[in-house]
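Trainee: This is the structure I want to talk about, given as structure tokens.
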Amino acid sequence: MRKLRVLLVDDEIMIREGFKKLFDWEAHGCVVAGEAADGMEALAKIDTLNPDIVIMDINIPIVNGLKVIKMSRIKHPDTAFIIVSGYDDFSYCREALRLKITDYILKPVNYEEFGTCIDNLKISMYQENVSQEPEAQDERIINSITRFMQEHLAEEMSLSVLSEEFHMNPQYISQLFKNEIGVGFLAYLTSIRMEKAKKLLLSTSLSIGEVAEQSGYGDYRVFTKVFKKSEGITPSQYRRDFLWRE
């Protein structure tokens with residue numbers, strides 16, 4: 001999988017330097033292609049660099065981050081935007097969600113959580129492309145494997161299970177995830193299980209234990225721990241916050 005090109009947008013140079021030096025872009029299959037210090041510069045860089053991902057503060061000079069996203073969507077509908085802000089303001093979050101951003105992260109940035117955000121974005125990009133007719137053999141294989149995983153999420157899932165199902169070496173399957181999706185097997189499995197859990201939490205009245213079971217976790221305590229690490233809040237808080245916002 002090719003490296004994803006990233007544009008960093010923040011009027012504070014220390015924030016941009018922090019992103020460049022404190023986060024392992026190489027390990028997450030990305031490269032920083034450029035930087036911008038204000039909204040006008042960001043719009044110009046988005047046009048010239050055509051980045052896959054824009055990491056951007058909302059409160060930047062000349063043109064604010066939300067307006068940059070709105071204007072960029074016209075010519076660059078496939079660009080992913082991640083907001084990094086010092087403001088935990090629901091009105092900002094709501095507007096950002098309307099613009100279909102990938103994530104809204106608060107400063108100071110937790111780089112471990114940010115890495116999970118980047119990996120989830122890569123998984124999302126892969127899933128959006130699955131509908132396109134694959135050409136290479138490895139693409140056909142990984143598409144079959146990920147479909148199988150989606151259809152059997154509530155069951156035990158491991159590289160050994162996939163190895164038996166597809167008659168392939170576990171190490172080969174593991175490498176396929178890295179090469180074709182850009183993340184490891186476990187990161188992919190956790191991501192799709194969390195997506196299933198979030199859908200169940202918001203669309204059903206199932207108990208947390210039942211949601212855990214249908215998402216592939218036999219122990220709801222393990223599920224709660226993984227969910228909180230992934231989403232920053234517990235499953236109960238996630239459901240309650242959504243109902244409150246509605």
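The values are calculated or read from the model by the stated rules, or taken from the named source; none is laboratory data. Computed from a predicted structure; not experimentally measured. Positions of Cβ are backbone-derived with ideal geometry, glycine not excepted, and every protein chain shown enters the neighbour counts. For the accessible areas, the whole protein counts, side chains as well, though only heavy atoms, and no ligand, DNA or RNA atoms are used. Shrake-Rupley method; radii C 1.70, N 1.55, O 1.52, S 1.80 Å.
Trainee: Taking the residues in region 29-73 that are outside any loop (DSSP other than H, G, I, E, B) and among the acidic types (D, E) as candidates, determine which candidate is farthest from G18 (Cα to Cα).
Mentor: Out of the qualifying residues, it is D47.
Trainee: Moving on to the next point. At least 1 residues that are within 24 Å of G115 (Cβ to Cβ) in each: list the helices (runs of 4 or more DSSP H) lying fully within region 128-225 that qualify.
Mentor: 137-151, 159-166, 170-176, 185-203
Trainee: In region 149-177, what count of residues is obtained for those that are within 21 Å of the chain's Cα centre (by Cα), of a type outside the set (S, T, N, Q) and over 16 Å from S215 (Cβ atoms)?
Mentor: Residues in region 149-177 being within 21 Å of the chain's Cα centre (by Cα), of a type outside the set (S, T, N, Q) and over 16 Å from S215 (Cβ atoms): 2 in total.
Trainee: Out of K67, K45, I need the residue that is at pLDDT 95 or above and of a type in the set (K, R). Which one?
Mentor: Unique residue meeting the criteria: K45.
Trainee: Is there any pair linking a residue in region 63-78 that is more than 22 Å from S124 (Cβ to Cβ) to one that is open to solvent by 60 Å² or more (accessible area, probe 1.4 Å) and modelled with pLDDT of 90 or more, with Cβ under 8 Å and at least six apart or on different chains, and which?
Mentor: V63/M40; V63/M71
Trainee: Here is a follow-up. Specify which of the listed residues (D11, D24) is within 20 Å of the chain's Cα centre (by Cα) and assigned to a loop (DSSP other than H, G, I, E, B).
Mentor: Criteria check complete, one pass: D24.
Quick grid of which residues meet (1) modelled with pLDDT of 95 or more; (2) closer than 24 Å to C30 by Cα; (3) out of contact with any Cys (no Cβ under 6 Å at 6 or more places or on another chain); (4) small (G, A, S):
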{"residue": "A136", "(1), (2), (3), (4)": "no, yes, yes, yes"}
{"residue": "A154", "(1), (2), (3), (4)": "no, no, yes, yes"}
{"residue": "N179", "(1), (2), (3), (4)": "no, yes, yes, no"}
{"residue": "K198", "(1), (2), (3), (4)": "no, no, yes, no"}
{"residue": "A212", "(1), (2), (3), (4)": "yes, no, yes, yes"}
{"residue": "D219", "(1), (2), (3), (4)": "no, no, yes, no"}
{"residue": "E231", "(1), (2), (3), (4)": "no, yes, yes, no"}
{"residue": "T234", "(1), (2), (3), (4)": "no, no, yes, no"}
{"residue": "Y238", "(1), (2), (3), (4)": "no, no, yes, no"}
